[in-house]
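Take a look at the structure set out below.
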Amino acid sequence: MDGMAKMTGQQIAEERLEGWAFLVDGLQSRVRTGDFATGLALVNAIGSVAEEMDHHPDLDLRYGHLDVRLTSHDVRGVTGRDIRLAKAVSALVADAGLRLEAVSVSRLELALDSPGHAKIMPFWKAVLAMRDMSEYGVGDELRDPFGVLPLVWFQESGSEEPRQRWHPDIWVDPEQVQPRIDAAVAAGGTLVSDEDAPSFWVLADPEGNRVCLCTWQDRGQNQ
């Protein structure tokens, strides 16, 4: 396993990392700690191992849970470094008598449908204080440099009215797609299209507002 090479979704799946989900360009998991002190102790343990490995995770500590995200920023994806750190984190979680889970984990992107995104993209970059990704060869994407706000990307569309301009993309682990579809339909929604499954499914709420459930599957090297 090359520590520097960007891995595909299938290569990551073959590692069989229990409790981890590959969402967009990183590995993500959640630990239900039950209280803040337990979570803080786990953060300190993960931080110590990360320093030894010289590869650092994004940690979001809340009162009752800890979210962990691993990515290699230099390649904008998952590498062997992330796999090794994920296994080390898994061992620390197990030693603490806790467990990792990916059932409740998801990642939100916002897509703005536009017939000409080049004209409107500078406005959204300014108002959101985001960075465009053109230096990485991506001309239709904005990212928060601090990793707090959802990624914003621009999708070419027609100009006919009425039309939905914004739609969310929800990235989930492939095993969570059907449960979420079932829950959405039970809540009054509809499955609009599964034509592009297992890459993404299109759903709509009772008023017709659309959302995509997305996975890494059938996306090749880029996701």
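The values are calculated or read from the model by the stated rules, or taken from the named source; none is laboratory data. Note that the structure is a prediction, hence the values are computed from the model and not measured. As a convention, Cβ positions derive from the backbone with ideal geometry for all residues, glycine included, and neighbour counts pool all protein chains shown. Only protein heavy atoms, including side chains, enter the accessible area calculation; ligands, DNA and RNA are left aside. Shrake-Rupley method; radii C 1.70, N 1.55, O 1.52, S 1.80 Å.
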Open item on the list: Go through (1) in contact with a strand residue (DSSP E or B) (Cβ under 7 Å, 6 or more places away or on another chain); (2) under 20 Å from residue 104 (Cα atoms); (3) modelled with pLDDT of 95 or more for residue 152 and report which single condition fails.
Closed with: (2)
Task: strands (runs of 3 or more DSSP E) within the range 161-223 that include 3 or more residues at negative phi and surrounded by 15 or more Cβ atoms within 10 Å (Cβ to Cβ) - done: 166-171, 200-204, 210-214
Open item on the list: Give all pairs with beta carbons closer than 8 Å in which a residue from the range 156-173 that is over 30 Å from residue 102 (Cα atoms) and charged (D, E, K, R) meets a residue that is open to solvent by 40 Å² or more (accessible area, probe 1.4 Å) and at pLDDT below 95; count only pairs at least 6 apart in sequence or on separate chains.
Closed with: 156/115; 156/117
Task: Count of the range 182-223 residues which are β-branched (Val, Ile, Thr), touching a residue at least 12 places away in the same chain (Cβ under 8 Å) and in contact with a strand residue (DSSP E or B) (Cβ under 6 Å, 6 or more places away or on another chain) - done: 3
Task: Breaking point among (1) closer than 29 Å to residue 217 by Cβ; (2) open to solvent by 10 Å² or more (accessible area, probe 1.4 Å); (3) of a type in the set (A, V, I, L, M), for residue 27 - done: (2)
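Per-residue answers, yes or no, for (1) of a type in the set (A, V, I, L, M, F, W, C); (2) at pLDDT below 95:
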{"position": "74", "(1), (2)": "no, yes"}
{"position": "78", "(1), (2)": "yes, no"}
{"position": "117", "(1), (2)": "no, yes"}
{"position": "120", "(1), (2)": "yes, yes"}
